[in-house]
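The values are calculated or read from the model by the stated rules, or taken from the named source; none is laboratory data. Keep in mind it's a predicted model, so treat the numbers as computed, not measured. Cβ placement follows ideal geometry from the backbone for every residue including glycine, while neighbour counts extend to all protein chains displayed. All accessible areas refer to the heavy atoms of the entire protein, side chains included, with ligands and DNA or RNA removed. Shrake-Rupley method; radii C 1.70, N 1.55, O 1.52, S 1.80 Å.
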Amino acid sequence: MKRIFLCSLLIVLTACSGIQQLPPKPVPGSQPAAHQNAPAQVDIGLTDEIGINGGSTPQLIPNEETVRLGDRGGDIFTPVEDSATIGQGVSKKLRIGLSLGPGLYRTINYVSLLKFLERQNLNPQVITGTGFGAIVAAMYASGMTPEVIEWNFYRYFKEKRKYRPYESEWLEEVDNLLLDKLKNKTIQDTPKKFYITLYNSKTKKTYYFDKGNIRELLLLNLKLSNSVDLRKPGIQYTTAFENEVFNAGLMKRLGVDFAIGADVLGSKFDFEDSNEFLIGVFGRAAGRITREKKGFDYFYSIPLQKMSLDSTENGAFYLLKTQEYVEAQSSRLKKLIQQKISSGKAAE
């Protein structure tokens with residue numbers, strides 16, 4: 001009997017040794033039951049690379065470390081010490097999270113929001129994005145200032161050609177002109193906590209990647225489901241906004257005290273070059289945003305209806321208008337943050 005017990009113990013220890021436990025740090029006020037249905041956070045493995053035109057994007061296959069948040073009783077975010085202090089004389093600290101929605105070239109206007117948050121000492125410590133919003137989020141998480149992000153977008157706008165969004169030539173151009181400075185960076189090494197959302201066309205689920213090469217994942221994030229061939233072996237990933245745009249609940253489980261969402265898509269948009277298919281795709285995303293934005297502590301619906309999604313005209317004008325919009329929301333934002341602190345839900 002003793003020998004059987006020792007053998008059983010050895011088997012259990014061997015099985016557990018291959019699992020990297022997530023640090024248990026329950027979030028105050030969280031609902032354990034909700035964790036059971038939380039979307040997956042995926043550790044990934046990269047296999048052979050294939051070119052974009054048939055192809056340069058890698059096949060991404062979740063490895064054995066794939067976990068669902070809550071399965072192991074913890075979260076994947078460790079709060080940092082330099083979280084934003086709100087206002088003068090306030091000793092408590094608040095972990096700010098920011099999620100940026102899609103909107104193609106309109107997303108450059110998120111720069112004005114980032115500048116405002118930094119001036120208010122509300123620098124987000126957790127940031128994510130979908131579509132082109134993911135590019136802005138990745139740049140910011142990797143250490144670029146809002147001004148540098150703005151410069152990178154303007155360089156792309158100046159040098160790009162007239163390719164239709166989501167065509168293979170357009171993807172190559174975005175890669176060469178906009179993502180080149182991210183090509184050697186990985187998610188796990190970003191100064192700020194960052195994750196990329198991707199939709200798996202085979203499993204019909206949205207996954208949250210917190211490991212992997214940022215550039216390669218962003219290229220997948222710019223693919224639409226009609227561009228992948230499900231008959232090919234391997235798991236096919238595309239942009240998440242075809243299935244899910246925002247997940248405020250996930251951000252809370254990542255240790256965020258105050259979650260901010262931002263949308264530049266709105267309900268009215270068009271393209272300089274008429275594209276009924278993309279209007280339908282973004283129209284469905286707009287409907288999801290209307291439902292999903294309710295989970296945030298504060299949500300910016302930035303009014304940019306007159307700016308076409310594929311337009312690069314009058315960029316400075318729209319940046320200024322966005323700045324005026326976010327500044328007009330300043331008092332309400334601060335009031336809600338103070339209420340959060342006073343309620344005792346913020347981290348001390």
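Filter the range 254-288 down to the residues that are aliphatic (A, V, I, L, M) and surrounded by fewer than 22 Cβ atoms within 10 Å (Cβ to Cβ), then identify the one that is nearest to residue 99 (Cα to Cα).
Initial filter on the range 254-288 (aliphatic (A, V, I, L, M)): 254, 256, 259-260, 262, 264-265, 278-279, 281, 285-286.
Cutting the leftovers down to surrounded by fewer than 22 Cβ atoms within 10 Å (Cβ to Cβ) gives us 278-279, 281, 286.
On the way: 278: 22, 279: 22, 281: 20, 286: 15 Å.
Looking at the filtered set, the residue picked out is 286.
Only residues that are of a type outside the set (D, E, K, R) and farther than 21 Å from residue 112 by Cβ: list them for the range 287-309, please. If you could, list the steps in order and put the result at the bottom.
To start, the set of residues in the range 287-309 that are of a type outside the set (D, E, K, R) comprises 287, 289-290, 295-296, 298-305, 307-309.
Residues satisfying the conditions are 287, 290, 295.
I'd like to check something: does the range 172-194 contain any residue that is farther than 25 Å from residue 124 by Cα, open to solvent by less than 30 Å² (accessible area, probe 1.4 Å) and among the hydroxyl-bearing types (Ser, Thr, Tyr)?
Within the range 172-194 (the criterion being farther than 25 Å from residue 124 by Cα, open to solvent by less than 30 Å² (accessible area, probe 1.4 Å) and among the hydroxyl-bearing types (Ser, Thr, Tyr)), the answer is no, since none of the residues qualifies.
When the residues of the range 289-314 are filtered to those that are over 21 Å from residue 240 (Cβ atoms) and touching a strand residue (DSSP E or B) at 6+ places or on another chain (Cβ under 6 Å), which remaining residue is most open to solvent (accessible area, probe 1.4 Å)?
297
Which one is nearest to the chain's Cα centre (by Cα) among residues in the range 228-250 that are at pLDDT 85 or above and open to solvent by 20 Å² or more (accessible area, probe 1.4 Å)? Don't jump to the end; show me each part of the working.
Start the filter on the range 228-250 by keeping residues that are at pLDDT 85 or above, which leaves 237-250.
Among the residues that remain, those that are also open to solvent by 20 Å² or more (accessible area, probe 1.4 Å) are: 242-244, 247, 249.
Values: 242: 14, 243: 14, 244: 11, 247: 9, 249: 13 Å.
It comes out as 247.
Among (1) modelled with pLDDT of 95 or more; (2) out of contact with any Lys or Arg (no Cβ under 9 Å at 6 or more places or on another chain), there is one condition residue 253 misses while meeting the rest; what is its number?
Condition not satisfied by residue 253: (1).
Look at the range 120-169 and say how many of its residues are hydrophobic (A, V, I, L, M, F, W, C), outside any helix (DSSP H, G or I) and more than 13 Å from the chain's Cα centre (by Cα). Give the steps one after another, and end with the answer.
So in the range 120-169, the residues hydrophobic (A, V, I, L, M, F, W, C) come out as 122, 126-127, 132, 134-139, 141, 144, 148-149, 151, 153, 157.
Those still in the list that are outside any helix (DSSP H, G or I) too: 122, 126-127, 144.
Those left that are additionally more than 13 Å from the chain's Cα centre (by Cα): 122, 144.
Going through the range 120-169 one residue at a time, the tally reaches 2.
Kindly indicate whether any position in the range 171-182 is within 16 Å of the chain's Cα centre (by Cα) and farther than 17 Å from residue 140 by Cβ.
Filtering the range 171-182 down to residues within 16 Å of the chain's Cα centre (by Cα) leaves 179, 182.
Within this subset, residues satisfying the condition of being farther than 17 Å from residue 140 by Cβ are none.
No, that holds for no residue.
Restricting to the range 78-118, name every residue that is in contact with a Pro (Cβ under 9 Å, 6 or more places away or on another chain), more than 28 Å from residue 153 (Cβ to Cβ) and either modelled with pLDDT under 50 or among the β-branched types (Val, Ile, Thr) (or both).
Scanning the range 78-118 gives a single hit, 78.
From the residues in the range 182-209 that are in contact with a Leu (Cβ under 9 Å, 6 or more places away or on another chain) and of a type outside the set (Ser, Thr, Tyr), which one is farthest from residue 133 (Cα to Cα)?
That would be 202.
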